[in-house]
Every structure is written in C-alpha cells, then in structure tokens.
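Student: Right, I'll just put the structure down here and ask away after.
The values are calculated or read from the model by the stated rules, or taken from the named source; none is laboratory data. Values in this document were obtained by computation on a predicted structure and should not be read as measured data. Methodologically, a virtual Cβ is constructed for each residue, glycine included, from the backbone with ideal geometry; neighbour enumeration extends over all protein chains shown.
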Amino acid sequence: MAEPAAPTPLHALHLELGARMAEFAGYALPIHYAKGILAEHLHTRAAASLYDVSHMGQIGLTPAADAACALEALVPADIAALGEGRQRYALFTNPAGGAIDDLMVAHLPGEILLVVNAAGKADDLAHLRAHLPTRVAIEPRFDRALMALQGPLAESALAALCREAATMGFMDARRLDVAGFPATVTRSGYTGEDGFEIGVAAEDAAPVARALLAQPGVMPAGLGARDSLRLEAGLCLYGHDLDPTTTPVEAALIWAIQKSRRPGGERAGGYPGSDVIAEQLADGPSRRRVGLKPEGRAPVRDPAPLFAAEAGGEAIGTVTSGGFGPTVGGPIAMAYVAAQHAAPGTRLWAEVRGRRLAVDIVPLPFVPPAFKR
Amino acid sequence: MLHYSKSHEWIRVDGEIATVGITAHAAEQLGDLVFAEAESAGTTVSAGGQAATVESVKAASEVYSPVSGEIVEGNPALAADPALINTDPTGEGWLFKLRLSDPAQVDALMDEDAYNAMLLDA
C-alpha cells in the first residue's frame, strides 16, 4: 500500500454513525454500519438507504453539444441525441472492443456530466484529454461529494428537501437545490431500486447527508449492501464483470449500444473497437455474461471455474461476481460462459474448494427492478 | 470450560470428544453469516489445519481446528440457520465435533482471560 486511504467529505459523519470502514480504490469508505450488511440490504429494498459514493469520479464536459458529439468517438452509446435533462449508461471501449471503464453520462443544462469508477478515474481523465478535441473543456471534479439515496422511500425523502425531485422520471438529470445547497440530481442508482444520485460540493456534503438521514425511513448503508444489491439487480461491477477483455456484447450490454450507433444506424460505429463489436452483434459473441443460481446453499464466488460436467472436462467459464443475495435468500452469481453453454436452464458445475457444485443458468436480474418509469 | 486459539476458535472438551466453534469476537468481525460447512465426518485434521468454512455476505473464511483429531460431525442446525453462529457463537452456533488424537494439545491453548487479553492487545 503506497498511499493511505483518502477520506471522503463525509468521513467524520461515517465515524460518528459507527461505520466499519475499509479501504476501497484508495478511499476510506463504510463497508457497513452497526446493523450490518444484511439489514442494510433489506432496508434499502423496504425503505431507503443513503450511500456515500464520493469515491466515484465526476467530470464536467463543456459546451454540451460539442462534448456530446465528441464523446461518441469514445463510447458506443448515443450521446448526441441524449436530451437535456437525461442520463444514460455508457462504456469506454478499447480498439479490441473491450471495456476500459463503464460510466454514467448526464446531459445537464450547458454541460455533459460524467460519473466514472473510482479505480479508473485518473486513466479515464487522461483518455478524455487524449481523445476529445480542444474545443471541449474537461473539468475533473474529484473533490466533489456524491451520495446515492436508494429505495422505495427515496422519492418522499428527497422531495421533502427538494420538491422538484418528485417530478423526475427514471434516468432524468437536473440541477436542483437540495436542502438549500446546489446539487446535480439524477434519478438513477446501482441497486435496482428507485432512487437518486446527488452530487454536491465537498463542504455541503455533511449538511445534505444529515438532512436526508433525518427523513422518515432513511438509514445509512455501506458498500457491502451496495454490492449485494447490484448483484441481485444483475448490474456489472467494473474489474469483475467488465474488464478490458470483455466487450459490451459479451457482457450482455447490447442495450447500451443504441440503434443509431449500430451497423445501419445514422451514426454507426466510430468508437474504438466498433468493428469487433459490429461483428459480434452480427454473429453473436463466443462467450456471454449470464446469471447463475447455485442449487445448494454454498455461495459461489469469483473466480470459481465452471464446467459442463460434474467430473472431468475443461473449464467453459468463470464466475465474475458471486455471493449471497439477501432478498433472494440464497446464493447468486454472475459468470462468463462459452456461448454454447449460455442458454437459461443450462446446468453447469462450479468448482468451490475442490468440489463441483451444481449451478443453473438463470435470466438476469435476480430481483426485478423497481425503477420510477 | 472453553479454550481458545489465536485464530479465534473456541474448543470445549468433554472426554475424548471436543466441540469447536468461532468466538463472539470472530463472528462479530465477520458480520452476518449466511453459510457454514465443516469438513465431512471421518476427515482427519491436524492442529491449525482447515476444518470448516464460514461465509458472510461478502466473503468466505476458513476455520481451523485448534487441536488434532477426527471430525465426528458438523452442526446440522447450521444448514438451515447459519446465523446461529452470530446469535450464539459458543452455544447453538458450534461448528463441528472432533475426536481428540492428542488431548494434551488442549493445554497449549489460551483460557478465556488470556484470549481476552490478546484481543485487548490487538
């Protein structure tokens, strides 16, 4: 470990709330608070939880129209047609079509706001600087705070501090005042629940967090619950379910390549690896991300190898995320498997502690989403 | 009377059979446990060797046998309710029973005071 873990703007509040802290991507972050991961996970699905995700990197691009068009040279998503007030999921690709990082892209009045993964933010910034034209100004805002308010009570909690939040739909993005502090608000998240992500200046983070935690039903939750929630929601974790060798087609993220950017679309291709991705769109990928439901109670975690038979044979896949789904009430996992073994209902075997455990391929997500449409 | 290992297991000896589990401190550190499994009956384990696995939402952890012997049985109640390890770590949440091969090894383990002192020092 070279550098000590950096505190987020909410560090003092975490300690005051009794968080169990751990280092993640160079930041000191709450893994859970006193009630533990299971309780925090279930509370998010039943009420609302506040997560500190200030480790994520926020980057502003201006002017919006130029930035949106230029960004299409780096991602397969349609950004040029992303209307003001809307947000969309995207991936930075490399020349092999692999994912360098995944990110959220919001079109706010006058700018494009990116939210990238903590571990990738320095590289992402360098990537943007190397490839965007000079007419696009790139402003890293890595000192800003970002909070995720997630769960069925998120709307009422945020609306108490910011009436307009209730009028937002899923993947809407606005600049609003929250408890009197200027914020960027998107109706999105990483849990499969309705909710919001709220970006504020570092010095405003604690008062905004305290105001949210004071609302009925809102409890703090840590990265542990965020991970089990996103796994149940079938969402990729970069570095596990996505990496530079996995393409969006292999990752079952074709929905993140809008029609306008696919072969035959008005702005087809034009991003790194678009030839590889076009070929996979036409012919199908050789491997695919799938959901796995272990037959027994034992969690199957990454990087457990997967086999087509209970004994012998070569591995035909690898678990990339796995654990226990508190809402599912049992073990769940995601994996990459060879395309011929990827159909839902296929029985495979995962090798765990030297034994092969039966797992079945199931459709994702494990828990149906509860987004505000 | 319980004896304790440095790796946070406890052992209760009753004649030639001993019961083993993880301490309240270990259970609290691991968080909510969602799965537990001992090596199958008949497996021979040596002192410090892996004898069981416990899993929280986040991670799997190995549990070591404080002494040498042969696994007699795993706790059958944990299959349905692994959270017993959190709620009653030194009682209902026991992990496995062991037939001791060298009972004298128990004398080398810590008593409760020594174990608590180790926790305070950490």
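Student: Looking at the range B:72-95, I want the residues that are without any contact (Cβ under 8 Å) to a residue 24 or more places away in the chain and have a partner that is loosely packed, with under 14 Cβ neighbours inside 10 Å and not polar (S, T, N, Q) with Cβ atoms under 7 Å, at least 6 apart or on another chain. Which pairs are those?
Tutor: B:Leu84/B:Ala77; B:Glu92/B:Ala77
Student: Quick check, is A:Asp283 over 30 Å from B:Pro82 (Cβ atoms) and over 21 Å from the mean Cα position of the chain (by Cα)?
Tutor: yes
Student: Hey, does the range A:270-284 have a residue that's within 14 Å of another protein chain (Cβ to nearest Cβ) and assigned to a loop (DSSP other than H, G, I, E, B)?
Tutor: no
Student: For the range A:15-35, name all the residues that are assigned to a helix (DSSP H, G or I) and either of a type in the set (A, V, I, L, M) or touching a residue at least 60 places away in the same chain (Cβ under 8 Å) (or both).
Tutor: Of everything in the range A:15-35, just one residue is assigned to a helix (DSSP H, G or I) and either of a type in the set (A, V, I, L, M) or touching a residue at least 60 places away in the same chain (Cβ under 8 Å) (or both), namely A:Leu15.
Student: Kindly indicate which of A:Leu253, A:Leu223, A:Leu237, A:Leu242 is under 23 Å from A:Pro363 (Cβ atoms) and within 14 Å of chain B (Cβ to nearest Cβ).
Tutor: Answer to the selection: A:Leu237.
Student: Quick one: in the range A:15-45, of everything that is among the small types (Gly, Ala, Ser) and under 13 Å from A:Ala221 (Cα atoms), which residue is nearest to the other protein chains (Cβ to nearest Cβ)?
Tutor: Filtering first and then ranking leaves A:Gly36.
Student: Within the range B:35-72, which residues are β-branched (Val, Ile, Thr) and in a strand (DSSP E or B)?
Tutor: Matches in the range B:35-72: B:Thr44, B:Val45, B:Thr53, B:Val54, B:Val63, B:Ile71, B:Val72.
Student: Something else about it: Out of A:Ala46, A:Ala77, A:Ala39, A:Ala99, which single residue is of a type outside the set (Ser, Thr, Tyr) and surrounded by fewer than 17 Cβ atoms within 10 Å (Cβ to Cβ)?
Tutor: Just a single option satisfies the conditions, and that option is A:Ala46.
Student: Hey, can you tell me all the residues within the range A:249-264 that are more than 20 Å from A:Ala343 (Cβ to Cβ), assigned to a loop (DSSP other than H, G, I, E, B) and touching a residue at least 40 places away in the same chain (Cβ under 8 Å)?
Tutor: Once the filter is applied, which keeps residues that are more than 20 Å from A:Ala343 (Cβ to Cβ), assigned to a loop (DSSP other than H, G, I, E, B) and touching a residue at least 40 places away in the same chain (Cβ under 8 Å), the range A:249-264 yields A:Ile257, A:Gln258.
Student: Please work out which one of (1) more than 14 Å from chain A (Cβ to nearest Cβ); (2) free of Cβ contacts under 8 Å to residues at least 60 places away in the same chain is the condition B:Gly31 fails and give its number.
Tutor: Unmet for B:Gly31, out of (1) more than 14 Å from chain A (Cβ to nearest Cβ); (2) free of Cβ contacts under 8 Å to residues at least 60 places away in the same chain: (1).
Student: Within the group A:Leu253, A:Leu242, A:Leu235, which residue is modelled with pLDDT of 95 or more, hydrophobic (A, V, I, L, M, F, W, C) and within 30 Å of A:Leu161 (Cα to Cα)?
Tutor: Going through A:Leu253, A:Leu242, A:Leu235 in turn, the sole match is A:Leu235.
Student: Let me ask another. Here are A:Ala298, A:Ala343: which of them is out of contact with any Gly (no Cβ under 7 Å at 6 or more places or on another chain), over 21 Å from A:Leu42 (Cβ atoms), modelled with pLDDT of 95 or more and within 11 Å of chain B (Cβ to nearest Cβ)?
Tutor: Exactly one residue qualifies, and that residue is A:Ala298.
Student: If I ask for residues that are more than 14 Å from chain B (Cβ to nearest Cβ) and out of contact with any Asp or Glu (no Cβ under 7 Å at 6 or more places or on another chain), which ones from the range A:319-335 would you list?
Tutor: Residue satisfying the conditions is A:Ala335 alone.
Student: Could you please give the count of residues in the range A:315-358 that are in contact (Cβ under 8 Å) with a residue 40 or more places away in the chain, within 25 Å of the chain's Cα centre (by Cα), buried (at least 21 other Cβ atoms within 10 Å of the Cβ) and farther than 16 Å from A:Asp241 by Cβ?
Tutor: Residues in the range A:315-358 being in contact (Cβ under 8 Å) with a residue 40 or more places away in the chain, within 25 Å of the chain's Cα centre (by Cα), buried (at least 21 other Cβ atoms within 10 Å of the Cβ) and farther than 16 Å from A:Asp241 by Cβ: 2 in total.
Student: Could you identify the single residue in B:Val54, B:Val67, B:Val45 that is under 30 Å from A:Leu231 (Cβ atoms) and crowded, with 17+ Cβ neighbours inside 10 Å?
Tutor: Criteria check complete, one pass: B:Val54.
Student: Right, here's the next one. Which of the following residues is assigned to a strand (DSSP E or B), closer than 30 Å to A:Ile332 by Cα, more than 10 Å from chain A (Cβ to nearest Cβ) and touching a helix residue (DSSP H, G or I) at 6+ places or on another chain (Cβ under 8 Å): B:Gly93, B:Gly21?
Tutor: B:Gly21
Student: Among the residues of the range A:301-314, what is the count of those that are away from chain B (no Cβ under 14 Å), surrounded by fewer than 23 Cβ atoms within 10 Å (Cβ to Cβ) and touching a strand residue (DSSP E or B) at 6+ places or on another chain (Cβ under 9 Å)?
Tutor: The number of residues fulfilling the criteria is 8.
Student: Tell me, which residue of the range B:1-14 that is modelled with pLDDT of 95 or more and part of a loop (DSSP other than H, G, I, E, B) is nearest to B:Val106 (Cα to Cα)?
Tutor: Looking at the filtered set, the residue picked out is B:Ser5.
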